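The values are calculated or read from the model by the stated rules, or taken from the named source; none is laboratory data. Keep in mind that this is a model prediction, so the values were computed, not measured. Please note: Cβ atoms are built from the backbone with ideal geometry, for glycine as well, and neighbour counts cover all protein chains shown. These accessible areas exclude ligands, DNA and RNA; they are computed on the full protein's heavy atoms, side chains included. Shrake-Rupley method; radii C 1.70, N 1.55, O 1.52, S 1.80 Å.
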Amino acid sequence: MSDLEVLDNTEQGDGGTQAAVETGVLYLGIDLGTSRTSVTASNGERVTLASYVGYPKDVVSRKLLKKDVLFGDEALQKRLSLNLFRPLAKGVLKFSEQTEEDYEGNVRAAKDLIREAIRLAKPRADELVYAVIGVPAEASINNREAIIEAARESVDSVMLCSEPFSVAYGLDMLDDVLVIDIGAGTTDLCRMHGTMPDESDQLTLDAAGDAVDARLEQELAACCPNAQFTRQMVKNIKERFGSVSERVDEAQVMLPVEGKPTQFDVTDAVRAACHTIVEPIVEGLGRLIATFDPEFQERLKDRVLLAGGGSQIQGLDKAIEAQMQRSLGSGRVIRIEEPMYGGANGALKVAHDMPAAYWESLR
Amino acid sequence: MFESIRRKKGAATRPAPARSEGGGEEKLLGRRARRLNLVNQAHLVRSIDQAVRAGLAGRLTEMDDEAIAEIARTTQAELLTLLKAGAQAVRGLSKEKFLEEAERDRRRILAERERASEDLQALLEQVDTRRREMLQAREELEAESRRSGDAQDEVLAQRIASLFEEEDGASDAAELRERVTDLLLGSVRTEREKVVKAQIAENRQSVENFERRITKLTRSLEVTEEELRRMAERKEVDPGVASVFRTVQGLNEDEDDLEAKTEMMATIFEANLVLQKGGGA
């Protein structure tokens, strides 16, 4: 190093010749989902983790696990030793019809989950962290406040925006587009027409990943007599074989029957379960199309974006198109390239485009 | 606040960087942080040269430029040598070294915690035993006291009775006997109760001492746990990955649909302002 460093114990001497200390700004786009939480950051990091948070049940399990809190797949794997929380139901914090204890637990788990997601994005200590979190279009005010409260502990400033809107914004498709964002808890539909969508432009449906799991559980019970399985096993089967196509490889799974692993063909069961969401989604699309300017309805039908983890079901785009043909006369569905990160990428773009003054006002 | 932002929005689509004020720097560095001024060596050499020339000018008018330059060179060389000799080498700890150190600390704290836990456990067992013993002793003492006390009372009463029988059976003597007997028995009972209370107090004192030690040990265990937690956090220290942005961005002026996007950002902000600050700011 050729420069000579001189430590000056007094305040800066000559009044402002030194450059101001520059603080970086880290933008985060967060898709806080029922099943998975995805984060993309302006430092190039992108992370997705299962939205599970577990706390050791007692001192013994804590000593064994060597951790106070576990997240994602690790929490799922060790769930027998943990008090396991899936803090977000239908994309928002679990709230009503629960005891105070459950609620407190979910809030704590949500805070820890958000903190962990942000930590995984590797922010530097000297950077400002500005985050935009995508939430379901119909999240209640209580839920929005709770998510804000949970995020505030880990970021300098935070904003919420509608999840399907962020998907469209991220792809720069702001005009005459219909977005289908299939999550675990809800499927959000959003109509974009060049301005910020309002309540009448958005629909939230229960026909989503969890509903498919529930249906698949019933189908398996019928087609795999005496087989034992848990909801998690059902979810794994769906994620591995999920398809609505007629021509697919057979889905063969091993399930225990009285303790003995037994092979079952679950192709039809999986297809039937996955297909259950097609009709409600197209029905929802129909409602949004029918209330749109008739002059632009055809264009809207031609620009349907399919996003979210649930969109990974094989052949779903074609199945929705076929159903749109039958119910609405036509339709063209475009599956986005990164279903897991579509919402987070869009939220990141919103964060980037948000003016500094707005961020400062919310600090 | 919000209104003023709205007014600005139309005028300037690219907002100024958020952290231009000194407050942010102070927050970042802390109030007591010292400033580090970096001086380029060439700049320092030039400054010495100028200082020497300024110092000599006017005093030694006959000295030629060559001689002044020579004095400046000598001063520069001497000053740099002195500065380098007196400078302290500052070196950061490598991540490996840091982790090694953290691991050593962690092991030490774990051992301390283990010891404290064992001590606490042993102490708790001792207290339990002592409590049980105390209860048992108290019950035995009370029973024994009752038994022996009754016998003693009887003996004492008989002695007094026989003592008075030796006297004449005057009516005032019988009354006197009764009074003396009551008096004596009352006195004996009081003494016995005092002894029992003293023993119970002694035992209680001993248990309280144990409890104080337990409280102290528990606190020490909590401190160790806290230290461990901090260690765990330190161990996970990661400098992080720097963002590609040094300042707050905002929409580019050449962005497609700039007007629509500006409006959308304002709408999102408005909704969040209402949500987070109730609409006022």
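For segment A:193-288, which GluC sites (Glu not before Pro) are both in a DSSP coil and crowded by at most 12 other Cβ atoms within 10 Å? List each step's numbers first, then the result.
Working: sites: A:Glu199, A:Glu217, A:Glu219, A:Glu239, A:Glu246, A:Glu250, A:Glu258, A:Glu283; in loops: A:Glu246, A:Glu250, A:Glu258.
Here the sparse-neighbourhood loop sites are A:Glu246, A:Glu250, A:Glu258.
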Item checked: Under the Karplus curve 6.51 cos²θ - 1.76 cosθ + 1.60, θ = phi - 60°, whole-Hz ³J(HN,Hα) for segment A:329-344, x wherever Gly or Pro sits -> x, 6, x, 9, 10, 10, 7, 6, 5, 10, x, 6, 10, x, x, 5
Check: Summing +1 for each Lys or Arg and -1 for each Asp or Glu, what net charge is found among the other residues whose Cβ lies under 14 Å from the Cβ of B:Glu139?
Finding: +1
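Determine the shielding of peptide A:123-135 by partner chains: average, over its residues, the number of Cβ atoms on other chains within 10 angstrom of each Cβ. Walk me through the numbers before you get to the answer.
On the way: counts 5, 6, 5, 5, 7, 8, 1, 5, 0, 2, 0, 0, 0.
Partner Cβ neighbours, averaged per residue: 3.
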Checklist line | Listed peptides A:320-330, B:113-123 by packing density, highest first (mean Cβ within 10 Å) | finding: A:320-330, B:113-123
Next item on the list: Enter the angle in degrees (range 0 to 90, nearest 10) between the Cα long axis of helix A:278-290 and the first principal axis of the Cα atoms of chain A, meaning the one along which they spread out most.
Entry: 70
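Report, for chain A, the % of DSSP beta bridges that are antiparallel, rounded to 5.
On the way: 35 of 56 bridges.
In chain A, approximately 60 percent of DSSP beta bridges are antiparallel ones.
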Next item on the list: Quantify how strongly other chains surround peptide B:257-266 by giving the mean number of their Cβ atoms within 10 Å of each of its Cβ atoms.
Entry: 5
Next item on the list: Return the average number of partner chain Cβ atoms within 10 angstrom of each residue Cβ along peptide A:37-43.
Entry: 2
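Quick one: of A:Lys57/B:Lys216; A:Lys238/A:Lys318; A:Lys67/A:Lys238; B:Lys97/B:Lys216, which pairs are farther than 25 Å apart, Cα to Cα? Walk me through the numbers on the way to the answer.
Numbers: A:Lys57/B:Lys216 27 Å; A:Lys238/A:Lys318 18 Å; A:Lys67/A:Lys238 31 Å; B:Lys97/B:Lys216 35 Å.
Check vs 25 Å cut-off fails for A:Lys57/B:Lys216; A:Lys67/A:Lys238; B:Lys97/B:Lys216.
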Note to self: In Å², and per residue, what accessible area does chain A have when probed at 1.4 Å with the other protein chains present?
What the structure shows: 45
Checklist line | Vicinal HN-Hα couplings computed from phi for segment B:242-259 (Karplus, 6.51 cos²θ - 1.76 cosθ + 1.60; Hz; Gly/Pro x) | finding: 5, 5, 6, 9, 8, 10, 5, 8, x, 6, 6, 5, 9, 5, 5, 6, 4, 5
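Determine, for each peptide in B:219-226, A:144-151, A:338-345, the mean count of other beta carbons within 10 angstrom over its residues, then list the peptides with the highest first. Intermediate results must be reported in sequence, preceding the final value.
Numbers: B:219-226: 14.0, A:144-151: 20.5, A:338-345: 24.5.
Output ranking for B:219-226, A:144-151, A:338-345: A:338-345, A:144-151, B:219-226.
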Next item on the list: Compare the peptides B:259-265, A:261-267, B:211-217 by average per-residue count of other Cβ atoms within 10 angstrom and give them in order, highest first.
Entry: B:259-265, A:261-267, B:211-217
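Could you tell me what percent of the accessible area of chain A is made up of carbon and sulfur, with a 1.4 Å probe and every protein chain present? Display every interim value, and only then the final one.
Details: 7750 of 16190 Å².
That fraction is 48 percent.
Over chain A, what is the relative contact order in whole percent, taking alpha-carbon pairs under 8 Å and six or more residues apart? Could the numbers behind the result be given before it?
Details: 702 pairs, mean separation 67.7, N = 363.
In percent, rounded to a whole number, it is 19.
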